[in-house]
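What follows is a short report on a single structure.
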Amino acid sequence: MRSKLLGLLAGAALLAPPALAHHSFAAEFDANAPIELTGTVTKVAWANPHTFFYLDVTNPDGQVENWALEMGSPNGLMRRGWTRDSMKIGDVVTVAGSRAKDGSFKGNARSVTLTGGKRLFAGSSQENDETN
C-alpha cells in the first residue's frame, strides 16, 4: 500500500511543473495596451498549453518586426473553427489582441482575420472578453 501511495505522489509531482508553468493573462499581457497588426505569417506552432504564430509586421519606419502571438490551446481553437490549415506560412493576416507588459513584440491574440476575410476567435485567456 505504501509503495502505491509513493507512486501516486511521484506521478503527481511529475505532472505539477507543467501546470505551474502555465500563466494567467494578467501576469504577462496588458489589457490596456491593445494591438492590431497586419503582417505575413512566418511560423505556426500548434502546442499545449498555447498555440503560437509568428508574424512579420512592417512598422511605420519601414522596419520589419517579428511578433509572437499567443492563442488558446489546439483543442480550444478547433472548437472555434480552426484547423491546422487555417493559417499557413506566407498568409497575410490581421490580428487584434493585447501587447505583452514588457513591451516586446509579443501579444495575446483575441481574433485573427485570415487571408480571404474569414475572422476566427483565438481563444484568448483574457478575462471578461466577449470575443472569447
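The values are calculated or read from the model by the stated rules, or taken from the named source; none is laboratory data. All figures in this text were calculated on a predicted structure; none of them were measured in a lab. Because the Cβ atoms are built from the backbone with ideal geometry, glycine has one as well, and the counts that use them run over all protein chains shown. Side chains included, ligands, DNA and RNA excluded: accessible areas come from the protein's heavy atoms. Shrake-Rupley method; radii C 1.70, N 1.55, O 1.52, S 1.80 Å.
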Checklist entry - Counting only residues that are of a type outside the set (A, V, I, L, M, F, W, C) and part of a loop (DSSP other than H, G, I, E, B), how many does segment 60-97 have? => result 15
Item to check | Matching residues in segment 106-120 - criterion: being in contact with a helix residue (DSSP H, G or I) (Cβ under 9 Å, 6 or more places away or on another chain) and either part of a loop (DSSP other than H, G, I, E, B) or hydrophobic (A, V, I, L, M, F, W, C) (or both) | outcome: LEU120
Checklist entry - Does segment 108-131 contain any residue that is of a type in the set (Asp, Glu), within 15 Å of GLU28 (Cβ to Cβ) and open to solvent by 70 Å² or more (accessible area, probe 1.4 Å)? => result yes
Next on the checklist: Criterion first (open to solvent by 20 Å² or more (accessible area, probe 1.4 Å) and in contact with a Leu (Cβ under 7 Å, 6 or more places away or on another chain)) does ARG84 satisfy it?
Outcome noted: no
Checklist entry - Can you tell me which residues in segment 64-81 are within 18 Å of THR42 (Cβ to Cβ) and either surrounded by fewer than 17 Cβ atoms within 10 Å (Cβ to Cβ) or not acidic (Asp, Glu) (or both)? => result VAL64, GLU65, ASN66, TRP67, ALA68, LEU69, MET71
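Could you count how many residues in segment 34-59 are touching a strand residue (DSSP E or B) at 6+ places or on another chain (Cβ under 8 Å) and not in a strand (DSSP E or B)?
First, the residues of segment 34-59 that are touching a strand residue (DSSP E or B) at 6+ places or on another chain (Cβ under 8 Å): 34-45, 50-59.
Add one more test, that the residue is not in a strand (DSSP E or B), and what stays is 50-51, 59.
Total meeting the criteria: 3.
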Checklist entry - Pick from GLY72, GLY103: which is out of contact with any helix residue (DSSP H, G or I) (no Cβ under 8 Å at 6 or more places or on another chain) and either β-branched (Val, Ile, Thr) or on the phi > 0 side of the Ramachandran plot (or both)? => result GLY103
